[in-house]
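The values are calculated or read from the model by the stated rules, or taken from the named source; none is laboratory data. Everything numeric here is computed off the predicted structure, so don't read it as measured data. Counting neighbours? That spans all protein chains shown, and the Cβs are built from the backbone with ideal geometry, glycine included.
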């Protein structure tokens, strides 16, 4: 069994775990995964691709402002965590992620062999000429 460095993804305190519900879009050249992660700072997001498993983890800051006491707390903070299986044919070196206003976008570019392409149709005469 492979040992993993879980330093960034293992919670060090008891925290509620939220499972973000993503929107997943496909274009000819990439797949886009979009997750809402409100209250998560960029430095608190961890994205890992291990073989075909994409794991997203984001920790919300539950800090209260200085000099105040909490009278009512209805908003829960915690950790966002989600795993996906992704196709093998992803260009791993070109994966990009962006966090903006609590929305995380992960672009998974397709490898060249996974991109759609037009297949040329030849007649029997054309095939015979190529063989000669």
Condition first: surrounded by 16 or more Cβ atoms within 10 Å (Cβ to Cβ), within 15 Å of residue 97 (Cα to Cα) and touching a residue at least 40 places away in the same chain (Cβ under 8 Å). Can you find one or more residues in the stretch 12-21 that meet it? no
Taking into account only those residues within the stretch 87-118 that are modelled with pLDDT of 85 or more and part of a loop (DSSP other than H, G, I, E, B), which is nearest to residue 22 (Cα to Cα)? 102
Please find, among 46, 36, the residue that is exposed (fewer than 15 other Cβ atoms within 10 Å of the Cβ), at pLDDT 90 or above, under 16 Å from residue 104 (Cα atoms) and within 16 Å of the chain's Cα centre (by Cα). 46
Positions within the stretch 45-77 being part of a strand (DSSP E or B) and either within 30 Å of residue 116 (Cβ to Cβ) or touching a residue at least 60 places away in the same chain (Cβ under 8 Å) (or both), in sequence order: 47, 48, 49, 50, 53, 54, 55, 56
